[in-house]
Amino acid sequence: MSQPLLEVKGLKKYFSVKSGFWGKEKVVRAVDGVHLTVYPGETLSIVGESGCGKSTTGRCILRLIEPTEGEILFQGRDIRALNAAELRAARRDMQLVFQDPFASLNPRKTVGQILLDPLIVHGIGTPAERRKRVEEMIEIVGLTRQHLHRFPHEFSGGQRQRIGIARALILRPKLVVADEPVSALDVSIQAQILNLLKDLQREFQLTYLFISHDLSVVRHISDRVAVMYLGKVVEVADKTVLYERPIHPYTQALLSAVPVPDPTREVKRILLEGDLPSPANPPAGCQFHPRCRHCMEVCRTTVPPLKEAEPGHLVACHLG
Ligand SMILES: Nc1ncnc2c1ncn2[C@@H]1O[C@H](COP(=O)(O)OP(=O)(O)OP(=O)(O)O)[C@@H](O)[C@H]1O
Ligand SMILES: [Mg+2]
């Protein structure tokens with residue numbers, strides 16, 4: 001296999017939060033030892049319940065927030081060790097597409113200005129070249145040059161996400177972290193945006209880290225899938241392997257809740273008992289053990305490492 005584009009090793013992000021005005025400080029272990037490898041040209045998706053640390057992982061990778069611990073190697077270089085100028089250069093290669101395109105687009109700027117800004121900030125091209133690139137990019141994402149003169153509020157949700165994607169791609173990045181990019185959209189529009197992302201990946205040889213809680217969306221877009229639970233990656237595999245032969249009891253439960261397109265194949269729904277525990281007070285041992293159907297004694301005391309169950313299929317489970 002080729003060299004990874006991105007390698008994340010033992011990533012941790014802890015937040016200190018106060019519970020109430022008089023409350024004591026608590027530490028929220030939003031990300032608690034995440035390992036990920038992303039290869040050039042692939043789409044690796046991160047799935048998991050709300051609050052399991054998906055967005056925090058994505059934000060640490062782009063260094064939008066400072067990780068507490070761990071290594072983030074982008075093209076072999078630890079981005080945590082970069083100085084301000086080096087980080088700015090690296091940012092050209094790593095871009096983010098947000099869940100809510102409206103909140104992430106400056107309402108006072110025209111779409112043309114929004115797309116021009118990153119080129120100016122990074123000092124790319126002459127004014128004429130920049131204009132050409134902006135005009136090309138708006139058409140690539142399925143809008144027209146006339147749209148460049150309009151403001152974000154004059155667009156539909158799907159169109160706004162197209163603008164968000166154009167802004168992310170205008171610098172020709174290598175890695176795009178897409179955090180729930182279609183969650184705010186109608187189902188019919190979701191498919192259009194997912195297909196656009198796929199087309200753009202082919203055209204620009206992009207690598208995607210795709211974050212979503214929606215397993216149907218993930219199935220559509222991914223090459224490989226990483227499942228997160230309470231700040232940790234618990235299983236990683238090729239999409240088909242993961243959807244057909246999940247090993248971790250958490251992945252099995254998660255997938256059993258997805259409607260199956262083939263009615264002859266009945267999948268018994270596994271109901272997860274209890275709520276997702278708080279990352280401020282995670283269970284000892286395997287963090288999934290209080291909700292696990294197969295919990296053994298060792299699970300209560302020892303954290304299972306993420307290890308290879310079969311080639312390319314990693315699982316963090318004492319059974320696996
Ligand atoms: N700035 C912050 N300060 C304190 N706690 C935070 C902060 N950001 C996130 N958290 C906490 O960290 C945990 C993980 O949050 P994160 O946003 O990464 O989850 P997520 O998997 O993206 O969830 P969702 O699917 O709802 O977007 C949550 O418990 C959240 O409350
Ligand atoms: Mg999130």
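Considering only GLN146, GLN192, GLN205, the Gaussian network model of the chain with Cα springs below 10 Å gives its largest mean-square fluctuation to GLN146. For segment 268-309, no residue has its backbone nitrogen under 18 Å from a point 7 Å from the Cα of GLU66, taken along Cα to Cβ. Taking the chain as a Gaussian network of alpha-carbon nodes connected by springs under 10 Å, the highest mean-square fluctuation of the residues LEU196, LEU11, LEU242 belongs to LEU196.
Each Lys and Arg Cβ is given +1 and each Asp and Glu Cβ -1; about its Cα centre, the chain then shows a dipole of about 760 debye. The order of the peptides 211-219, 152-160, 81-89 by mean Cβ neighbours within 10 Å, most packed first, is 211-219, 152-160, 81-89.
Put simply, when 301-313, 176-188 are sorted by average Cβ atoms within 10 angstrom per residue, most first, you get 176-188, 301-313.
Springs join every pair of Cα atoms under 10 Å in this Gaussian network model of the chain, and among ALA191, ALA30, ALA226 the largest mean-square fluctuation is at ALA191.
For segment 48-76 and segment 101-172, what is the separation of their C-alpha centers, rounded to whole Å? Comparing the Cα centres of segment 48-76 and segment 101-172, I get a distance of 26 Å.
What 222 nm value per residue comes from the helices of the chain, counting each DSSP H run with n ≥ 4 as -39,500 (n - 2.57) and dividing by all residues, nearest 500 deg cm²/dmol? Provide the component values of the computation, followed by the final result.
Details: 11 runs with 104 residues, N = 320.
Dividing the helical sum by the residues of the chain leaves -9500 deg cm²/dmol.
Computed over segment 1-118, relative contact order equals 27 percent, with contacts defined as Cα pairs under 8 Å that lie 6+ residues apart.
Taking Cα pairs under 8 Å and at least six residues apart, what relative contact order does the chain come out at, in percent?
On the way: 579 pairs, mean separation 64.5, N = 320.
For the chain, the relative contact order is 20 percent.
Farthest towards the positive end of the charge dipole of segment 76-212, among the residues GLY125, GLY164, ILE189, is the Cα of GLY125, using unit charges on the Cβ of Lys, Arg, Asp and Glu. Per residue, the accessible area of segment 123-255 comes to 40 Å² when a 1.4 Å probe rolls over the protein heavy atoms.
Approximating the spin labels as points 7 Å out from Cα along Cα→Cβ, the PHE15-to-HIS149 distance works out to 4.3 nm. Taking 26 Å as the limit for the C-alpha separation, the pairs LYS13/LYS174; LYS239/LYS307; LYS9/LYS239; LYS12/LYS174; LYS9/LYS174; LYS26/LYS239 exceed it in the case of LYS26/LYS239.
Could you sort 101-114, 15-28, 45-58 so that the peptide with the highest average Cβ count within 10 Å comes first and the rest follow in order? Before the final figure, lay out each step's value.
On the way: 101-114: 16.1, 15-28: 10.2, 45-58: 22.5.
Going by the mean number of other Cβ atoms within 10 Å, highest first, we get 45-58, 101-114, 15-28.
Globularity index of the chain is 1.05 (Cα radius of gyration / 2.2 N^0.38 Å, N = number of residues).
What is segment 138-202 by shape, rounded, prolate or oblate, if you read a ≥ b ≥ c off the alpha carbon gyration tensor as root eigenvalues and call it rounded for a/c under 1.5, prolate for a/b larger than b/c, and oblate otherwise?
Details: a/c = 1.64, a/b = 1.10, b/c = 1.48.
Oblate is the answer for segment 138-202, as a/c is 1.5 or above yet b/c matches or exceeds a/b.
The values are calculated or read from the model by the stated rules, or taken from the named source; none is laboratory data. Keep in mind it's a predicted model, so treat the numbers as computed, not measured. Note that we place each Cβ from the backbone using ideal geometry, even for glycine, and neighbour counts take in every protein chain shown. What goes into the accessible areas is simple: the full protein's heavy atoms, side chains included, and nothing from ligands, DNA or RNA. Shrake-Rupley method; radii C 1.70, N 1.55, O 1.52, S 1.80 Å.
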